[in-house]
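Trainee: Here's a structure for you.
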Amino acid sequence: MIFTKKTAFITTLLLASNILKLYNTDKSSLVKKDGNMLNLPSFKNAIEIKSSVDGRIRFNIPILKSNIGLSEHLVGQIKNISVISLCKVNTLTGSVLVEYDNTKVDAQTIEGAIIKLLGIDKTLDEGRESEVRKKIDETVSALNNGIYDYTNGMLDMKTLVGMILLLAALRDLRLFGPRNNPGYPTLFWWSSTLFL
């Protein structure tokens, strides 16, 4: 019994010392894993920050891969900005390196200018759809086509689901009477309208 109390006490002391050591670690000495030291926002498959420090940012912009015309347009427009000293585009990888005077302009402005020049702002607002949403749409479309073909064009999925829910609601009403809270058919209908 004494041995286990002693072991528990020593273990607790070791854990406490490790926690204190982590707590007292100088936060400025910690290096970020992603290299984005300025915490600039990244937009997946549109414009991603690969590394950023004061005066230098490396972007990954997929639309610049193998697009020499757009890359030359970007470099030509960026050269007109006096606070930017260097803009290099690698069309093989879609990488863009920008060096700028950080005393005259902030990194967010540089990123915003590149987003605007390349027209990425339009793609950020529209047309971005999650993979799950795409799979749901494909599944619903396949079910809809199957129901349509099976009934020889008499029903589609939305009509069939609506009819089933109407019958379930009528059954619910007959068995339980009117209720103040929505029943399962109403809740199911609300959720199905999100996907149909």
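Trainee: When the range 91-100 is examined, which residues are found to be surrounded by 12 or more Cβ atoms within 10 Å (Cβ to Cβ) and not in a strand (DSSP E or B)?
Mentor: Thr91, Thr93, Gly94
Trainee: In addition: Against the definition (under 18 Å from Gly119 (Cα atoms) and touching a Leu at 6+ places or on another chain (Cβ under 7 Å)), how does Val75 come out, yes or no?
Mentor: Answer is no for this residue.
Trainee: Determine which member of the set Ile164, Ile120 is surrounded by 12 or more Cβ atoms within 10 Å (Cβ to Cβ) and within 30 Å of Glu48 (Cβ to Cβ).
Mentor: Ile120 is the lone residue from the list that is surrounded by 12 or more Cβ atoms within 10 Å (Cβ to Cβ) and within 30 Å of Glu48 (Cβ to Cβ).
Yes/no per residue for (1) among the polar types (S, T, N, Q); (2) at pLDDT 80 or above:
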| residue | (1), (2) |
| --- | --- |
| Ile120 | no, yes |
| Asp125 | no, no |
| Thr139 | yes, yes |
| Tyr150 | no, yes |
| Gly153 | no, yes |
| Met157 | no, yes |
| Arg171 | no, no |
| Pro182 | no, no |
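Quick grid of which residues meet (1) β-branched (Val, Ile, Thr); (2) without any contact (Cβ under 8 Å) to a residue 60 or more places away in the chain:
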{"position": "Ile49", "(1), (2)": "yes, no"}
{"position": "Ser52", "(1), (2)": "no, yes"}
{"position": "Gly76", "(1), (2)": "no, yes"}
{"position": "Thr93", "(1), (2)": "yes, yes"}
{"position": "Leu97", "(1), (2)": "no, yes"}
{"position": "Gly112", "(1), (2)": "no, yes"}
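Trainee: While we're here: I need the full set of residues from the range 52-90 which are of a type outside the set (S, T, N, Q) and in a strand (DSSP E or B), in order please.
Mentor: Val53, Arg56, Ile57, Arg58, Phe59, Ile84, Leu86, Cys87, Lys88, Val89, listed by residue number.
Trainee: With open to solvent by less than 70 Å² (accessible area, probe 1.4 Å) and over 19 Å from Ser51 (Cα atoms) as the only criterion, which of Ile136, Ile115, Ile84 stands out?
Mentor: Sole residue among the options that is open to solvent by less than 70 Å² (accessible area, probe 1.4 Å) and over 19 Å from Ser51 (Cα atoms): Ile136.
Trainee: Out of (1) modelled with pLDDT under 90; (2) open to solvent by 70 Å² or more (accessible area, probe 1.4 Å); (3) within 15 Å of Glu111 (Cα to Cα), the odd one out for Arg58 is which?
Mentor: Every listed condition holds for Arg58 apart from (1).
The values are calculated or read from the model by the stated rules, or taken from the named source; none is laboratory data. Values in this document were obtained by computation on a predicted structure and should not be read as measured data. Note that we place each Cβ from the backbone using ideal geometry, even for glycine, and neighbour counts take in every protein chain shown. With ligands, DNA and RNA removed, areas are computed over all heavy atoms of the protein, side chains included. Shrake-Rupley method; radii C 1.70, N 1.55, O 1.52, S 1.80 Å.
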